[in-house]
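Values quoted throughout were computed directly from the atomic coordinates according to the rules given, and no laboratory measurement underlies them. If you're wondering where the values come from, they're calculated on a predicted model, not measured in any experiment. Here the Cβ is made from the backbone with ideal geometry for all residues, glycine too, and neighbour counts use every protein chain on show.
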Amino acid sequence: MRGIAIDGTSGTVLLCDENLAPLSSPLLYNDDRAQPQAAQLKAIPEAHAVASATSGLAKLLWLTRQPGSEHAACFLHQADWLAALLGGKPGISDYHNALKTGYDVANLCWPDWLMTLPYSHLLPEVLAPGEVIGCIQPGIAAHFGIHPQCAIHAGTTDSTAAFIAAGVDEPGVGVTSLGTTLVLKQLSEKRIDAPEYGVYSHRYGGLWLVGGASNAGAGVLRNFFDDAQLAALSARIDPLRDSPSDYYPLPGTGERFPVNDPQLAPRPLRLSSRQVTPRPADDAQFLHGLLQGLARIEASGYARLAELGAPPLERVVSSGGGAKNAVWEKMRERILGVPVSVAAHPEAAYGSALLARR
């Protein structure tokens, strides 16, 4: 192994001491406890994705108000922390993960308004995704049998890694990550940032990678079915027919994209538990409604991107665990109105490997 790059959920963050020991449990990507801090960030001089309770910056402000934060030496995203453990160089991030912490991806710097905030000294140095940070620590290399000159590269977000893995390089092609959450991305010559809809743009070569992430996703299905049940029940679904159910399958209250509404409730009620009201007696009908609801969120997401100026959608490439469901693929193709295919390499880890190789 000659190089390692790590992808992770951009909003999963933690404070560490100088030895990279976490000062508390990490805040996960969908943790929205930083509502008061997000409200404060709405006063920043420009529209920005940080004005959300799930943003990295809102979580930084929340974390620094907790006991023990006075011992903090750095604020890191999930991928940053793991790379630092491997390479022994803390305080380094990449501009994909740092976007929702407020990094200016157009000018490649932390903006002046952010640097005036308390605890801004904890922000990491930001490199280009894939840029070499250094070599793996000798002890770790020996323990795992890794080449001692293996390079540690700056990483990326999980959904961007999935986009890289899909091999898409032209506008008009959407990549949908069907993981725990539903993430949509497509290339655009125009940068689009619309935090009121949960839409943001990553710097991506000479283009912009425009997209958004819903709180809904295949993770909801895991509350009710295992892999064997999903396969058996999906085989009983006709993907060319509509389900009579009108579901918005959120795991709990609150949505980020294609609408940004922290108070949006899931349909049906109590969907995050095994007690659902109402629920069809037939599990296949219930699954049909859930899959259709997710497909409609996907269609609404791409429609939102087009409304804001993204190129017209011509086809969609799927990645993630949900891409294996052929019945869902046919259903999504019908609802989206464009061809849908599965990426040759549907796992985000493959994209991270390509990033390291580049």
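Structural remarks
- Additional length obtainable on full extension of the chain from ARG191 to ILE146, 0.36 nm per residue less Cα span: 12.2 nm
- Each residue in TYR302, TYR197 was given a count of other beta-carbon atoms within 10 angstrom of its own, and listing them fewest first yields TYR197, TYR302.
- Evaluating 6.51 cos²θ - 1.76 cosθ + 1.60 at θ = phi - 60° for every residue in segment 313-318, the Karplus couplings come out as 6, 10, 6, 10, 10, 9 Hz, glycine and proline recorded as x.
- Relative pair counts by distance (%), Cα atoms of segment 1-71, 10 Å bins: 20, 43, 27, 9, 1
- Within the straight-line cut-off of under 18 Å between alpha carbons, the aspartates and glutamates reachable from LYS330 are ASP238, ASP242, GLU298, GLU314, sequence neighbours fewer than 8 places apart in one chain being disregarded.
- For THR156, distant residues with modelled amide H under 5 Å away: ILE6, ASP7, GLY8
- Span-like helix ranges in the chain, DSSP H, alpha carbon extent 20 angstrom or more, Kyte mean at least 0.5: none
- Inter-part distance, segment 160-231 to segment 328-358, computed on C-alpha centroids, equals 10 Å.
- Taking a sphere under 9 Å around the Cβ of THR156 and counting the other residues whose Cβ falls inside, with K and R at +1 and D and E at -1, yields a net charge of -3.
- In loop segments of segment 228-333 as defined by DSSP, the trypsin sites (Lys or Arg not before Pro) with at most 16 further C-beta atoms inside 10 Å of their C-beta are ARG236, ARG241, ARG270, ARG274.
- Chain lengthening between ASN107 and ARG222 when straightened (0.36 nm per residue, less Cα-Cα): 37.3 nm
- Per-residue HN-Hα couplings for segment 144-150 [Karplus 6.51, -1.76, 1.60; θ = phi - 60°; Hz; x = Gly/Pro]: 9, x, 9, 3, x, 9, 4
- Estimated 222 nm signal from helices in the chain, with DSSP H stretches of n ≥ 4 weighted -39500 (n - 2.57), rounded to 500: -8000 deg cm²/dmol
- GNM top mover of ASP112, ASP158, ASP193 - the chain, alpha-carbon springs below 10 Å: ASP112
- Measuring nothing but how far apart in sequence close Cα pairs (under 8 Å, 6+ apart) lie, relative to its length, the chain scores a relative contact order of 18 percent.
- Note on LYS330 and LEU354: the model spin-label points, each 7 Å out from Cα along the C-beta direction, lie 2.9 nm apart.
- For GLY212, nonlocal amide neighbours, meaning residues 5 or more places apart or on other chains whose placed amide H falls under 5 Å from its own, are LEU184.
- Fraction of beta bridges assigned by DSSP in the chain that are antiparallel (%, nearest 5): 65 percent
- Simple spin-label estimate for ASP238 and GLN263 in nanometres, 7 Å along Cα-Cβ: 4.1 nm
- Along each principal axis, Cα extent of segment 205-329, largest first, Å: 50, 33, 24
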